[in-house]
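J.: First the structure, then my questions, so here it is.
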Amino acid sequence: MRTLLIVNPNATSTTRSTRDLLAHALESRTELTVVQTEHRGHAAELAQWAADTRMDLIVVHGGDGTVNETINGFLPLPGAQQREWLPRLGIIPGGSANVFARSLGIEPDPVTATNQLIDLLRDEADRRIGLGVADDRWFTFSAGVGLDADVCEAIDAKRANGKPATPTRYVRTTVKQFFRTKRHAPQVRLTIPGHEPITDVHYAFVTNASPWTYLDNTPVVTNPGTSFETGLGVFAMRTMGILSTLLLTRQLLIANGDPQGHKLFREDDVPGVSIESERPIGLQIDGDFIGRRNMVNFTAVPDILDVVAPKP
């Protein structure tokens, strides 16, 4: 088995010792090439090279952003020319949240996840999952417009200044961004097949799995019926009222919760959704701020990626 190990040395919980442990474990079972990312977009370049040279497996040791970049590097979008050969994907968490890996049942501790990966490879345990597309980019677990994207933009700026993306910083930033945008009028409109248009939306999340994210070790669940084997989940808020937001936040943090609300639109299994905004609105994909757009089309693509992960 020919394997490429992509390591993001700047990821939050990536360490030299974990990298060496992972490399040693894989070297004993595969023909291994190890490369550290050196710039934005490097993981995509490496993944494309791995697919071009017909490597069997790409293992990513990094956060959700590195995993997303890797997938977008080797997996053709729907409608594009398809590859004759696609590697499988393995993940060793190395970021701050690692939502995609944890949603797949991969252990959050990198050392434990390394042992888990070796066991899964030995048992030939693969899982075929669906992904989402936001215009011209794959997303693995979540995309969002409005508040969610504004938080990611602010966190990215803090990371650029050397500040880690801790759960506490996410909470503080979310509260600050909420009150900053609370006074703005709703400007978002959603169009979903089989539904009347959803208007007067302040912000919306589109998910490909559940949970939507993690607050430290606490799962935050927006669309409990959404999974890698279903369509997309849509969660759209039509209020920025403080009381309504607090009540909804409580529902999001409850184990086995089922968020409901008069000002909440939620569907857990849709084939796609178009989101339009009167003014350019922020877009985040898998936790990375992408930019501002007036319209984004989201589509569910089933059974598209082979991952080394426990069966659901």
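J.: Which ³J(HN,Hα) values in Hz, rounded to whole numbers, follow from the phi angles of the range 196-204 under the Karplus curve 6.51 cos²θ - 1.76 cosθ + 1.60, where θ = phi - 60° and Gly and Pro get x?
T.: Couplings: 5, x, 9, 10, 6, 9, 8, 7, 8 Hz.
J.: What is the Cα centroid distance between the range 31-69 and the range 108-183, reported in whole angstrom?
T.: Value for the Cα centre distance between the two parts: 18 Å.
J.: So, for the range 225-312, what is the accessible surface per residue at a probe of 1.4 Å, expressed in square angstrom?
T.: 48
J.: Can you compute the label reach from residue 169? Point 7 Å from Cα along the Cβ direction, backbone N cut-off under 19 Å, restricted to the range 130-153.
T.: Zone members listed by number: 148-153.
J.: Expressed as a whole percentage, what fraction of the accessible surface of the chain belongs to carbon and sulfur atoms when a 1.4 Å probe is rolled over the protein heavy atoms?
T.: 49
J.: If you don't mind, another one. Taking the solvent-accessible surface of protein heavy atoms with a 1.4 Å probe, what is the per residue accessible area of the range 6-52 in Å²?
T.: 58
J.: Given contacts defined as C-alpha pairs under 8 Å and at least six residues apart, what's the relative contact order of the range 1-103, whole-number percent?
T.: The normalised contact order for the range 1-103 reaches 35 percent.
J.: Please tell me the relative contact order of the chain in percent, rounded to the nearest whole number, where contacts are Cα pairs under 8 Å and at least six residues apart.
T.: Reported as a whole number, the value is 20 percent.
J.: Any idea what log10 I(q)/I(0) is at q = 0.10, 0.19, 0.23 Å⁻¹ for the range 99-179, Debye with uniform C-alpha scatterers and no solvent?
T.: Log-scaled intensity ratios, in q order: -0.39, -1.01, -1.11.
J.: While we're on this one: Of all the stretches in the chain, which is the longest one without any exposed loop site, taking GluC sites (Glu not before Pro) in a DSSP loop (any state but H, G, I, E, B) with at most 16 other Cβ atoms within 10 Å?
T.: Formally, the longest exposed-site-free interval is 125-228.
J.: May I pose another question? Give the accessible surface of the range 135-189 per residue, rounded to a whole number of Å², with probe radius 1.4 Å and ligands, DNA and RNA excluded.
T.: Ligands and nucleic acids excluded, the result is 50 Å² per residue.
J.: Let me ask something else about it. Full extension from residue 82 to residue 24: what is 0.36 nm times the residue separation minus their Cα-Cα distance, to one decimal in nm?
T.: 17.5 nm
J.: Another question, if that's okay. Name the long-range amide H neighbours of residue 12: under 5 Å, sequence gap of 5 or more, or other chain; modelled H, no Pro or chain starts.
T.: 96
J.: Among DSSP bridges having both ends in the chain, what percentage is antiparallel? Round to the nearest 5.
T.: Close to 70 percent.
The values are calculated or read from the model by the stated rules, or taken from the named source; none is laboratory data. Keep in mind the model is a prediction, meaning the values are calculated, not measured. Positions of Cβ are backbone-derived with ideal geometry, glycine not excepted, and every protein chain shown enters the neighbour counts. Each accessible area value is taken on the protein alone, full model and side chains, heavy atoms only, with ligands, DNA and RNA left out. Shrake-Rupley method; radii C 1.70, N 1.55, O 1.52, S 1.80 Å.
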